[in-house]
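Report on one structure; see the data block that follows.
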Amino acid sequence: MNRLNALDKRILNRLQEDIEFVATPWKAMAGDLGIAEQLLLERIKALKKKGIIRRISATFNTLKIGFASTLVAVKAAPSKVDQVAQRINAYKEVTHNYKRNARYNLWFTLVAKDKHSISRIIKQIKQDQTIDQLLDLPATKLFKIDVKFPL
């Protein structure tokens, strides 16, 4: 957080809202922020280069388009958890992950075209020797919340 200036925080907050479906979405967003489009694009590029922004993408109702998803909990040695997270992030099907101060100390979500793909990816991840245990926790009931992380 100390690495972020006030403008970067405003940009990150705005990126968590809808991106207008218009011919020039970045220009529209820059207008909302009261800055030039070029400055917005430069700041986004810098935040991505620093690893603060991992990706900007659409959010879909995966079930309505026939995809499958699951929550996965991993138990890894605390000294290895960052390395495990990096390897897990290499899968494009991983939407996000987070560390927890618990027995299962790394949690992530997987979204793929079908349950078979989910199983295949989980099998590959389980082969990582630095993972002690892995739990596949598919949803039995869907609760959709609109999570934002205000800065």
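Quick note: the coordinates plus some simple rules give every number you see, no bench work behind them. What you see is a predicted model; the values in this text were computed from it and never measured. Every residue, glycine among them, receives a Cβ derived from its backbone with ideal geometry; neighbour counts consider all protein chains shown.
Suppose only helical runs count, i.e. DSSP H with n ≥ 4. What mean residue ellipticity at 222 nm does that imply for the chain under -39500 (n - 2.57) per run, divided by all residues and rounded to the nearest 500 deg cm²/dmol?
So the helix-based figure for the chain works out to -10500 deg cm²/dmol.
Can you return the lysines within cross-link range of Lys9? Criterion is Cα-Cα under 21 Å, with same-chain partners fewer than 8 residues away left out.
Excluding near neighbours in sequence, the set is Lys27, Lys45, Lys48, Lys49, Lys50, Lys148.
Label-point separation (nm) for Lys9 and Phe60, each offset 7 Å from Cα along Cα-to-Cβ?
Taking the simple label geometry, Lys9 and Phe60 are separated by 3.6 nm.
Normalising by the residue count of the stretch 6-49, find the relative contact order in percent from Cα pairs under 8 Å and 6+ residues apart.
On the way: 22 pairs, mean separation 15.6, N = 44.
The normalised contact order for the stretch 6-49 reaches 36 percent.
Counting every Cα pair in the stretch 68-137, what percent are over 13 Å apart? Working shown, then result.
On the way: 1421 of 2415 pairs.
That tail contains 59 percent of the Cα-Cα pairs.
Could you pull out the longest piece of the chain with no exposed loop trypsin sites (Lys or Arg not before Pro) in it, calling a site exposed if DSSP puts it outside H, G, I, E, B and it has at most 14 other Cβ atoms within 10 Å?
Working: sites that count: Arg3, Lys50, Arg54, Arg55, Lys64, Lys92, Arg100, Arg103, Lys113, Lys141, Lys144, Lys148.
Free of exposed loop sites, the longest segment is 4-49.
Normalise the Debye intensity by I(0) for the stretch 6-49, one equal point scatterer per Cα, no solvent, then take log10 at q = 0.20, 0.21, 0.29 Å⁻¹ and round to two decimals.
One equal scatterer on each Cα of the stretch 6-49 leads to -0.56, -0.62, -1.17.
Roughly speaking, what % of Cα-Cα pairs in the stretch 19-143 are separated by over 26 Å, rounded to a whole number?
Here the long-distance tail beyond 26 Å is 38 percent of all Cα pairs in the stretch 19-143.
Considering Cα pairs under 8 angstrom that are at least six residues apart, work out the relative contact order of the stretch 68-137 and quote it in whole percent. Mind dumping the intermediate values first?
Working: 113 pairs, mean separation 34.2, N = 70.
Relative contact order here is 49 percent.
Please compute the contact order of the chain in relative form: average sequence separation of alpha-carbon pairs under 8 Å and at least six residues apart, divided by the residue count, as a percent.
25 percent
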